[in-house]
Amino acid sequence: MLYFMDGNFTKKEHLEISIDDRGYYFGDGVYEVVKVYNDELFTAEEHFSRLFESARKIKLTIPYTEQELIDVARELIKKNKVSNGHVYMQVTRGSAGRQHNFPTPAVPAIVTAYAVNGARPLGDMEKGVSVKSVDDIRWLRCDIKSLNLLASVLAKEEAKEAGCSEAILHRDGIVTEGSSTNMFAVKDGVVYTHPATNLILEGITRKVVVQLCQQLGIPVVEEAFALKEAFAMDEMFYTSTTMEVMPVTTIDGHEIGSGKRGAITEKLQIAFTAQIPK
Ligand code: PSZ
């Protein structure tokens, strides 16, 4: 496996990561996960533009252009023969002795990336998954795809311990998103999802699904719903780069709708699959 670091493609065992990397000390950096379908990156422009937007929001300068990083991602999938899987890329605020303030003089940002094969979660996409409600204790800039993921890690682990695939996060009684996914609900034919505010990450898959709803004539509103209301929804699903459109069949052990994948959810899965590069 060849990893990318600072302009070079290197075997994992030869990578030299500094203990002074601010990603290691502070989670001081940003990242992206981009899906690969049939040798092609999916929605690459959207992901790399979000990477630069996240970097801008934390005042981090990336020493490459978007196109250069897309080329790096393409090289990684070619060199590692990744036909179906994903590319992970992170950028940290460089390596300097541990102190909170940005290093002065500034040090170069550190870009690392790899590509890995992985199958689509087709079984779960048909059967649906269970989620557990977890208090959203994250910071107030969830719109930034930052490396600081402790609250998400704890939420996902709490869900796993309850036998669930994902945590459905709620803040002041309102569903925000999943620990690494965007939440959607369907009631009386209308699709609901939390608006793209500072309280959620504006998912690329979320955007694709909102567009698909519009194309299919399914009413969709970016309007938050309460956790209490979620239990009475007809259908629920969550979206992410790797989970695509994932039906949610139970919350905290209570069945949602029929307790099976919903009809609108399935329609959106079919439309999503039709967009995948062949
Ligand atoms: O492999 C995985 O489990 C992945 S790959 C990307 C994600 C998970 N999650 C991205 C994400 C997120 O971290 C949060 C907090 N909300 C929503 C999402 C979904 O964003 P997209 O659709 O851009 O992947």
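Considered as a group, the residues in the range 141-163 that are under 30 Å from Phe48 (Cβ atoms) and of a type in the set (Lys, Arg) include one that is farthest from the ligand (Cβ to nearest atom), and that residue is Arg141. The set of residues from the range 37-53 being within 12 Å of the ligand (Cβ to nearest atom) and either in contact (Cβ under 8 Å) with a residue 40 or more places away in the chain or basic (Lys, Arg) (or both) comprises Phe42, Thr43, Glu46, His47, Arg50, Leu51. Which residue is nearest to the ligand (Cβ to nearest atom), if the candidates are limited to the range 201-231 and must be acidic (Asp, Glu) and not in a helix (DSSP H, G or I)? Across the range 201-231, the extreme among qualifying residues is Glu202. Please enumerate the residues belonging to the range 155-188 that are in contact (Cβ under 8 Å) with a residue 12 or more places away in the chain, surrounded by fewer than 19 Cβ atoms within 10 Å (Cβ to Cβ) and under 28 Å from Arg22 (Cα atoms). Within the range 155-188, Glu158 is the sole residue that qualifies.
Taking the criterion of being under 28 Å from Glu53 (Cα atoms), out of contact with any Leu (no Cβ under 8 Å at 6 or more places or on another chain) and among the polar types (S, T, N, Q), the only residue of the range 111-140 that qualifies is Asn117.
Within the range 1-58, the set of residues being in a strand (DSSP E or B) and either β-branched (Val, Ile, Thr) or touching a Ser or Thr at 6+ places or on another chain (Cβ under 6 Å) (or both) comprises Tyr3, Met5, Thr10, Asp21, Gly29, Val30, Val33, Val34, Lys35, Val36.
Each reported figure results from applying straightforward, stated rules to the coordinates on display, with no laboratory input. Computed from a predicted model, the values in this text were never measured in an experiment. Glycine also receives a Cβ, built like all others from the backbone with ideal geometry; neighbour counts cover every protein chain displayed.
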